[in-house]
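The values are calculated or read from the model by the stated rules, or taken from the named source; none is laboratory data. If you're wondering where the values come from, they're calculated on a predicted model, not measured in any experiment. Cβ: placed from backbone, ideal geometry, glycine included. Neighbour counts: every protein chain shown. When the accessible area is computed, the model is the full protein with side chains, heavy atoms only, and any ligands, DNA or RNA have been set aside. Shrake-Rupley method; radii C 1.70, N 1.55, O 1.52, S 1.80 Å.
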Amino acid sequence: MFNPEPSRPLSITAIAMITALIATGCAESTRDGAGGDSNESQPLVFAGAGDPRSVDPVLTNDGETFRVTRQIYDTLLTHEPGGTEIVGGLAESWEQSDDGTEWTFKLRDGVKFHDGEDLDAEAVCANFDRWYNFTGNYQNSNQTYYWQNTFGGFAENEDKDTPEPNFSSCSAPGELTAVIKVKEPSANYPGAFSLASFGIMSPKVIAKVAEEKVTGDPGSPVLPAYTQEAGTVAGTGPYRLVDWDHDAQEVTLERFDDYWGEKAKVKTLIIKTISEEAARKQALEAGDIHGYDLVAPADMEPLKEAGFQVPVRDVFNILYLAYQQETSEELADKKVRQAIAHAVDRQRIVDTILPEGAKVATQFIPETVEGWSPDVTTYDFDPEKAKSLLKEAGHADLDIDMCFPTKVSRPYMPAPQDIFDIIKADLEAVGITVTANSMPWGDYIPYTDSGGCSLYLLGWTGDFNEAFNFLGTWFDGYDSGWGFRNEELFALMDEVSSTPGQEQRTKLYQEVNREIMDYLPGLPISHSPPAIAFAPNVDPPAVSPLTQENFSEASFS
């Protein structure tokens, strides 16, 4: 005879799973109750950690902005879903000249911009010519970072520290054939043609905004009005911009039905900002959103147990502590830089704050990128050595400021305040007095880029799989964020950039990494695998190690 067990209270996990199922009912009831398709009637709401800065992607360099603009604009080249292999975007095929200075793109036929204009080679060249001919505050590296990093300066440089232009010309020998010429070959190509910053904009929009200016000072730029609102910009992407509510911190995108590729599965996509990770998690559990980025390591397993999807991206990033050698003269002393490196317990940061799979960094690129070197100078946690070096340098009582961002999480930095607290305690344990300086993410990037902080936390997620995308980002020339001039290093970076063969470049990258870690412009802290979360009723997009998710792939299941 069967004797059932006495009834038991529901476990926490069971309650969480029921909560998750109730949350998914909102989307399901739309389909079942109204007899319609949730993908047509229900917006997909995804939460990021920070506000986008601009809807003109060339005027930014941060992932929160690119999450939005990547849905609006296409680039000449892109990456395979969920991977790092470069594939065709607006160009269905491409080829380079033997010397690497001429790139020919065969464009797709029948591509339309959101404003009805047709894509052709003249439209592509209108974009490149616009970027090349920027003047005034557009030339500040805080505004056109990616252009300067990959194509050099402008037709007429207005500042001595602006790099010489490498871009030469863009021509249209055929309606669907664009030829881009550069002066010197570079390890940045063809990867640069996949950068979200170079999303192709409608030539009609380019003409309309031609007289718009960036105002303000380098540390506090004021972008033109068109970059902060819907109604002007137009790309060729799977979604078009219909609203940006700054007060609600929401960007609303709508499916572009004339998209050249596979149409977006969900009609309306809302990308909103919820700066605190705990609040993002609560919003997902409550059914207010359908997904969010940068899941806290401690929340990954509880979310999975509750029935949510928590895919983890592959490691392709770096968190570092930057030293600004102009802001703080003491940091120009290598012994001080070494002392700080020995003072910081990076393993503690990895063990207590970062997700499983994170590791202490020995250099400024992850091991997954060719050119990583196994024999760089390393800086083990050694407080006594740190004290000794400070004493030798005459700075046993060093007083220094350190910056960290607030109201944001980054793929490489899930908890900025917690990481700062550990570093501050470590530095103070060796006699360094630390003055904290924190600010919201939107202010943080231009402030640190312009040299406002002596020490600051920042990081990088690779844009494409080439070591120069990491190392060239910071060390191929003078950078106001770092404030040093190491001509030997800069020359070595020039050499590796112009070396055409991957095998030869790999050996040079290893040499570069050894040079960088001996010079020590900053302290590499960690590499970590960031997680992303979705509701049980969502078929998510392929997650990307480059954090380049294409939300047109997502749908309600």
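A few comments on the model shown:
- Put simply, of Gly100, Gly116 the only residue that is surrounded by fewer than 18 Cβ atoms within 10 Å (Cβ to Cβ), without any contact (Cβ under 8 Å) to a residue 60 or more places away in the chain and on the phi > 0 side of the Ramachandran plot is Gly116.
- Cβ-Cβ distances below 8 Å connect the following pairs, each with a first residue in the range 206-218 that is among the charged types (D, E, K, R), a second residue that is part of a loop (DSSP other than H, G, I, E, B) and surrounded by 15 or more Cβ atoms within 10 Å (Cβ to Cβ), and a separation of six or more residues or different chains: Lys208/Thr232; Glu212/Pro224; Lys213/Pro224.
- Filter result (outside any loop (DSSP other than H, G, I, E, B) and among the small types (Gly, Ala, Ser)) within the range 170-202: Ser171, Ala172, Gly174, Ala178, Gly191, Ala192, Ser194, Ala196, Ser197
- Taking the range 487-545 as the range and being under 20 Å from Pro414 (Cβ atoms) and either among the hydroxyl-bearing types (Ser, Thr, Tyr) or not in a strand (DSSP E or B) (or both) as the test, the residues that pass are Ser526, Ser528, Pro529, Pro530, Pro540, Val543, Ser544, Pro545.
Residues checked against (1) under 19 Å from Ala361 (Cβ atoms); (2) in a helix (DSSP H, G or I); (3) touching a Phe, Trp or Tyr at 6+ places or on another chain (Cβ under 8 Å):
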{"position": "Met439", "(1), (2), (3)": "no, no, yes"}
{"position": "Gly442", "(1), (2), (3)": "no, yes, no"}
{"position": "Gly452", "(1), (2), (3)": "no, no, no"}
{"position": "Gly481", "(1), (2), (3)": "yes, no, yes"}
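- Residue check for Thr448: farther than 22 Å from Val344 by Cβ, crowded, with 17+ Cβ neighbours inside 10 Å and among the hydroxyl-bearing types (Ser, Thr, Tyr): no
- Scanning the range 241-257 for residues that are under 15 Å from Glu553 (Cα atoms) and either outside any loop (DSSP other than H, G, I, E, B) or at pLDDT below 95 (or both) turns up Leu253, Glu254, Arg255.
- Enumeration of residues in the range 119-135 that are open to solvent by 50 Å² or more (accessible area, probe 1.4 Å) and touching a residue at least 40 places away in the same chain (Cβ under 8 Å): Glu122, Asp129
- Yes/no for Ser552 being assigned to a helix (DSSP H, G or I) and touching a Lys or Arg at 6+ places or on another chain (Cβ under 8 Å): yes
Residue-by-condition table, conditions (1) surrounded by fewer than 20 Cβ atoms within 10 Å (Cβ to Cβ); (2) not in a loop (DSSP other than H, G, I, E, B):
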position	(1), (2)
Glu301	yes, yes
Tyr320	no, yes
Arg337	no, yes
Gln363	no, no
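- Restricting Asp118, Asp129, Asp159 to those that are among the charged types (D, E, K, R) and touching a Cys at 6+ places or on another chain (Cβ under 9 Å) reduces the list to Asp129.
- Taking the criterion of being assigned to a loop (DSSP other than H, G, I, E, B), touching a strand residue (DSSP E or B) at 6+ places or on another chain (Cβ under 8 Å) and either farther than 20 Å from Ile349 by Cα or open to solvent by 70 Å² or more (accessible area, probe 1.4 Å) (or both), the residues of the range 371-430 that qualify are Asp397, Leu398, Lys407.
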